[in-house]
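Undergrad: One structure is given below, represented as structure tokens, and several questions about it will come after.
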């Protein structure tokens, strides 16, 4: 960021994140270029629908493009990550429910007014 303006790469990254894959699209390895194009297309389709992908997915995509992990490993890691987030969210909801119920006076609870 110079003089309060975003650099072009920062702007692209913040708006559609596809610039992350540009360095891979210039690779000498055709498999790397193909994987970068595929990931760029998939993430671009999400952006068309107004959705953004997580930094976690971007990291996995980069590892896949570099050949460090397979597509099957990406699927497995995403499934585990989603399950962990779901467990955390459920635990948080249970905690908030417990706090709400615990903070209501038994007499006032009939009227639904917390203390």
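The values are calculated or read from the model by the stated rules, or taken from the named source; none is laboratory data. In this text the structure is predicted, and so the values were computed from the model without any measurement. Virtual Cβ from ideal backbone geometry, glycine too; neighbours counted across all protein chains shown.
Undergrad: Out of the residues in the range 1-39 that are surrounded by 15 or more Cβ atoms within 10 Å (Cβ to Cβ) and either within 15 Å of the chain's Cα centre (by Cα) or on the phi > 0 side of the Ramachandran plot (or both), which is modelled with the highest pLDDT?
TA: 39
Undergrad: Examine the range 83-92 for a residue that is under 30 Å from residue 19 (Cβ atoms), modelled with pLDDT of 85 or more and either assigned to a helix (DSSP H, G or I) or in the same structural domain as residue 20 (by TED's automatic domain parsing) (or both), and state whether such a residue exists. Don't jump to the end; show me each part of the working.
TA: The initial filter retains those residues of the range 83-92 that are under 30 Å from residue 19 (Cβ atoms), namely 84-85.
Imposing the further condition that a residue be modelled with pLDDT of 85 or more reduces the set to 84-85.
Next cut, either assigned to a helix (DSSP H, G or I) or in the same structural domain as residue 20 (by TED's automatic domain parsing) (or both) only: 84-85.
Yes, there is a match, as at least one residue in the range 83-92 is under 30 Å from residue 19 (Cβ atoms), modelled with pLDDT of 85 or more and either assigned to a helix (DSSP H, G or I) or in the same structural domain as residue 20 (by TED's automatic domain parsing) (or both).
Residues are listed down the side, and each one gets a yes or a no for (1) surrounded by 11 or more Cβ atoms within 10 Å (Cβ to Cβ); (2) closer than 20 Å to residue 31 by Cα; (3) touching a residue at least 60 places away in the same chain (Cβ under 8 Å):
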{"position": "46", "(1), (2), (3)": "yes, no, no"}
{"position": "49", "(1), (2), (3)": "no, no, no"}
{"position": "52", "(1), (2), (3)": "yes, no, no"}
{"position": "56", "(1), (2), (3)": "yes, no, no"}
{"position": "61", "(1), (2), (3)": "yes, yes, no"}
{"position": "65", "(1), (2), (3)": "yes, yes, no"}
{"position": "69", "(1), (2), (3)": "yes, yes, no"}
{"position": "74", "(1), (2), (3)": "yes, yes, no"}
{"position": "85", "(1), (2), (3)": "yes, no, no"}
